[in-house]
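S.K.: Sharing a structure with you now.
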C-alpha cells in the first residue's frame, strides 16, 4: 500500500477497491486500489471525538459508502452515507 493506514476498524471490498474506516483522531475513511495499492484519503467520517467503527460499500440510493461513528457516551450512533466522485 502506498500509505500506512493505522487504527483500521472496518473494511469492505467493492468496485476494485478496499474501503477502510478508522478510529484515528479524525475518523478518516480511505480507499485502496486493489491492483496498484494506491491509498486515497477520502476525508473524515465526522463526529469527532466519537470513535469511527464499521464501513459498508454497497450501492444504495443513499450513496455507495456507509460508515458508523459511535459517540464517546456510547449513544448516539451516527451513520454516514457518501457518494464518491473522481
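Each reported figure results from applying straightforward, stated rules to the coordinates on display, with no laboratory input. What you see is a predicted model; the values in this text were computed from it and never measured. Cβ atoms come from the backbone with ideal geometry, glycine included; neighbour counts cover every protein chain shown.
Conditions (1) surrounded by fewer than 16 Cβ atoms within 10 Å (Cβ to Cβ); (2) part of a loop (DSSP other than H, G, I, E, B); (3) touching a strand residue (DSSP E or B) at 6+ places or on another chain (Cβ under 6 Å), marked per residue:
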residue	(1), (2), (3)
5	no, yes, yes
12	no, no, yes
25	yes, yes, no
31	no, no, yes
55	no, no, yes
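S.K.: State whether one or more residues within the range 57-66 are on the phi > 0 side of the Ramachandran plot, surrounded by fewer than 19 Cβ atoms within 10 Å (Cβ to Cβ), free of Cβ contacts under 8 Å to residues at least 40 places away in the same chain and not in a loop (DSSP other than H, G, I, E, B).
M.R.: yes
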